[in-house]
Amino acid sequence: MGVVLVHGNPETAAVWSPLVAALGRDDVTRLSPPGFGAPVPDQWGATVEEYRQWLIGELEALGRPVDLVGHDWGGVHAVLVAMSRPDLLRSWATDAIGVFDPDYVWHDFAQTWQARRRRGGCGHDGGDRAAAAGRSTDVAGSHRGGRRAAGRC
């Protein structure tokens, strides 16, 4: 058994350092989603399904059920895996379950990304999170350090 931590946007895996130190365990894996600290695969569309499949692949490679913890956008990935592949998990936790509520209101920064995307600019992850929550909006993509991290902008 191990612990897997998946961060959100705009953090890096370093966000987990205080928790990893407090846990004092040697079986903790910190994962960075593609475009958010990990390389973006060729032909990456940054869709909800691609992120879900990415996390499933990472967990399958560990070869045993894990305790999965997701924060922010990583928390959405955790929920999607818990719903589709519970066999990969011993337990799971997220701070992002609210995005699945049909009445969820995005925070101001996410709304800014969504509005920019609707005007033809580049948003961050708002579209994928909205799609994960069952909303139909085309707001995807991410910039990291000036490059097209998610390949959609």
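The values are calculated or read from the model by the stated rules, or taken from the named source; none is laboratory data. This structure is a prediction, so every number in the text was calculated from the model and none was measured. Reconstructed Cβ throughout: ideal geometry from the backbone, glycine too, with neighbour counts over all protein chains shown.
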Which of the residues belonging to segment 94-103 are surrounded by 15 or more Cβ atoms within 10 Å (Cβ to Cβ), without any contact (Cβ under 8 Å) to a residue 60 or more places away in the chain and either part of a loop (DSSP other than H, G, I, E, B) or touching a Leu at 6+ places or on another chain (Cβ under 9 Å) (or both)?
-> Thr94
Within segment 3-60, considering residues that are of a type in the set (Ser, Thr, Tyr) and in contact (Cβ under 8 Å) with a residue 12 or more places away in the chain, the one nearest to Arg90 (Cα to Cα) = Thr29
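Results for (1) touching a helix residue (DSSP H, G or I) at 6+ places or on another chain (Cβ under 8 Å); (2) farther than 25 Å from Trp113 by Cα; (3) modelled with pLDDT of 95 or more, shown as yes or no for each residue.
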{"residue": "Asn9", "(1), (2), (3)": "yes, no, no"}
{"residue": "Ala14", "(1), (2), (3)": "no, no, no"}
{"residue": "Val40", "(1), (2), (3)": "no, no, no"}
{"residue": "Ser84", "(1), (2), (3)": "yes, yes, yes"}
{"residue": "Leu89", "(1), (2), (3)": "yes, yes, yes"}
{"residue": "Thr94", "(1), (2), (3)": "yes, no, yes"}
{"residue": "Ile97", "(1), (2), (3)": "yes, no, no"}
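Of Val76, Val81, which residue is under 21 Å from Thr12 (Cβ atoms), in a helix (DSSP H, G or I), without any contact (Cβ under 8 Å) to a residue 40 or more places away in the chain and β-branched (Val, Ile, Thr)? Let's see the steps before the verdict.
Working: Val76 fails: without any contact (Cβ under 8 Å) to a residue 40 or more places away in the chain.
Testing whether each residue is under 21 Å from Thr12 (Cβ atoms), in a helix (DSSP H, G or I), without any contact (Cβ under 8 Å) to a residue 40 or more places away in the chain and β-branched (Val, Ile, Thr) leaves just Val81.
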Note: among Arg25, Arg52, Arg30, just one is among the basic types (Lys, Arg) and in a loop (DSSP other than H, G, I, E, B), namely Arg25
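Consider Asp72 carefully, then state whether it is at pLDDT below 95, within 16 Å of the chain's Cα centre (by Cα) and among the acidic types (Asp, Glu). If you could, list the steps in order and put the result at the bottom.
On the way: at pLDDT below 95: yes; within 16 Å of the chain's Cα centre (by Cα): yes; among the acidic types (Asp, Glu): yes.
So Asp72 fits the description; yes.
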Using the structure shown, decide if Gln53 is among the polar types (S, T, N, Q), within 13 Å of the chain's Cα centre (by Cα) and at pLDDT 90 or above.
-> yes
